[in-house]
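Report on one structure; see the data block that follows.
The values are calculated or read from the model by the stated rules, or taken from the named source; none is laboratory data. Since the structure is predicted, the reported quantities are computational estimates derived from the model, not experimental observations. Note: ideal-geometry Cβ built from the backbone for every residue, glycine included; neighbour counts use all protein chains shown. SASA here: full protein model, heavy atoms, side chains in, ligands and nucleic acids out. Shrake-Rupley method; radii C 1.70, N 1.55, O 1.52, S 1.80 Å.
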Amino acid sequence: MKDTSEILWRASSARLAVRELVRYEQFLKDTTGLEFENYEGLWAWSVDAPDAFWRSVWAFHELPPLDAGQPVLGERAMPHAEWFPGVELNYTGVVQRHAGRDDIAVLCEHENGQVDTLTWSQWQDQVAALAQTLLDLGVQPGDRVVAYLHNIPECIVAFNAVASIGAVWSVAAPDLGAQGVLDRFSLIEPKILIATDGYDYGGKTFDRSTVVDALVDGLPTVTALIRLPAAGCASARPANIPTVTWSDALIGTHALEPINVSFDHPLWIVYSSGTTGKPKAIVHSHGGIVLEHLKQMSLQMDLRAGDRFMWFSSTAWMMWNYNIAAMLVGATACVYNGNPAKPDLGRLWSVVDRHKIRVFGAGAAWLEACKNAALMPRELCSLATLEGLGSTGSPLLPEVFDWIYTAVKPDLFLASISGGTDFASACLGGAVSV
């Protein structure tokens, strides 16, 4: 059969020279003497020598030095492989390494045009205050803290606070009804509930205060509620458990002191879709997620400190977890709260342009909708800072590839990735390479 494939994009020599992969390859050469002719050679080595590869990812990202004799892979038998036995770290502690910088750590544009930001120091202060509140409420390492929150900075703060004290995080989006949330949270017997009274979407306010009431009633293991009031929504009824408002939970000045936990200590719990029965809980660890997401953000997405990254998602999708991983490498986690088609499908492209986002991602279905609407993002805004575009959720159709390079930007690293909730990452990724 004749090969009719067409090369749509090649990275310029200038772009290739500043990749994080180049830094990583130089690091390997300097520290191990390893050199590779091309990306395929590097990839093959990472598969054939997983111990050496993951040790190098750890060292490249300047995590605390490992002992020379520290084994990377202790138990090799599946499904009980044991990675980095005896090693301790904390997800929030890895993020905190960037807290000395004075730029923005978290940026959120809301559907109504409001923009909220947290500098790195503000992020650190809020995480520390909320962590102390959780400790005061009796939360201990291993306890589950669940959230009923949408895609807002408060959700990122809450997750990092929970992780910092070794508790286990789980979140459900507030467009999910009470039974759908209970089907998930009742599996894990949470101790604390963090919940919003409502959210805005498509120009409407959705009052969820009665859902919050039902969650308190339906989760007998919950001993306290942290409530986030929402404009235009009723407050949840007085609960028979201690209740703290979000603003009160952030009162006080505290030092952020993440607790180091074992490499395999649970970090968060996500859920299967529930299409073949009730949702199933899936647990990911601090160490596994930190290393996998550091690798994804730097070597695959080519992110570095100071960049801005946004993958349009909701808190119901594991791509929210992927989005906030930008902070692990010191990049700004940018999120959008609301309807991506409000007022039209050009909205997210304008968000990318307005906030100087360097790498942007979305679901393939949304990109296809833009193509079917004959949208021309490059005519709506300059997209001058946009260098990378990701797609996932379903295969990206060939005609959408063509549309992107015609209607969005001809000089663009486009990666159609595929992964899953099982490991909150991509098994098929992309890389800017020769």
_Average accessible area per residue (Å²) across segment 248-324 - probe 1.4 Å, nucleic acids and ligands excluded_ = 37
*Could you state the accessible area per residue of segment 330-434 in Å², with a 1.4 Å probe and every protein chain left in place?*
38
*For segment 310-318, in order, what is each residue's ³J(HN,Hα) by Karplus, 6.51 cos²θ - 1.76 cosθ + 1.60 with θ = phi - 60°, in whole Hz (x at glycine and Pro)?*
9, 10, 5, 7, 10, 5, 7, 10, 5
*Answer rounded, prolate or oblate for segment 92-226, using the Cα gyration tensor with square roots of eigenvalues a ≥ b ≥ c: rounded when a/c is under 1.5, else prolate when a/b is larger than b/c, else oblate.*
oblate
*Any idea how far apart GLU75 and TRP9 come out in nm if each label point goes 7 Å out from Cα toward Cβ?*
4.3
*Distance from the Cα centre of segment 77-114 to that of segment 329-355, in angstrom?*
21
_For LEU414, what residues show an amide H to amide H distance below 5 Å, using hydrogens built from the backbone and excluding near sequence neighbours?_
LEU389
*Cα shape, the chain, gyration tensor, a/c 1.5 rule*: oblate
*Compute the length gained on full extension between SER272 and THR221: take 0.36 nm times their separation in residues and subtract their Cα-Cα distance, giving the result in nm to one decimal.*
16.1 nm
*Pick out which of GLY177, GLY338, GLY203 has the largest mean-square fluctuation in a Gaussian network model of the chain, springs linking Cα atoms closer than 10 Å.*
GLY203
*How long are the three semi-axes of the equivalent ellipsoid for segment 1-140, computed from the Cα gyration tensor as the root of 5 times each eigenvalue, in whole Å, largest first?*
35, 28, 17
*Counting only heavy atoms of the protein chains, get the accessible area per residue of segment 21-122 (1.4 Å probe) and round it to a whole Å² value.*
55
_Can you give the log10 of the normalised intensity I(q)/I(0) at q = 0.14, 0.16, 0.20, 0.24 Å⁻¹, computed with Debye over equal Cα scatterers of segment 218-297?_
-0.90, -1.07, -1.10, -1.07
_Accessible area (Å², 1.4 Å probe, nearest 10) - LEU135_ = 80
*Taking only DSSP H segments of four or more residues, each worth -39500 (n - 2.57), what value at 222 nm results for the chain once the sum is divided by all its residues, to the nearest 500 deg cm²/dmol?*
-9000 deg cm²/dmol
*So how far, in whole Å, is the C-alpha centre of segment 22-54 from the one of segment 121-166?*
37
*What is the chain's relative contact order, in percent, from Cα pairs under 8 angstrom and six or more apart in sequence?*
16
*Counting only protein heavy atoms and using a 1.4 Å probe, what share of the accessible area of the chain belongs to carbon plus sulfur, as a whole percent?*
53
*asked:* Using only the heavy atoms of the protein chains and a 1.4 Å probe, how would CYS427, CYS370 rank by accessible area, largest first?
replied: CYS427, CYS370
*Take each of the peptides 150-161, 315-326, 245-256, 95-106, average the number of other beta-carbon atoms within 10 Å over its residues, and list them starting from the highest.*
150-161, 315-326, 95-106, 245-256
_Quick one: 3J(HN,Hα) in Hz for segment 79-91, Karplus 6.51/-1.76/1.60 with θ = phi - 60°, rounded, Gly and Pro as x._
x, 10, 4, 10, 9, 6, x, x, 8, 10, 6, 8, 3
*For the chain, set up a Gaussian network in which alpha carbons nearer than 10 Å are linked by springs, and say which option among TYR39, TYR199, TYR91 fluctuates the most.*
TYR39
*What's the FRET efficiency of ASP207 with SER350 using the Cβ-Cβ distance as r and R₀ = 35 Å, to the nearest 0.05?*
0.75
_Using a Gaussian network model on the chain with a 10 Å cutoff between Cα atoms, which of SER391, SER46, SER56 fluctuates the most?_
SER46
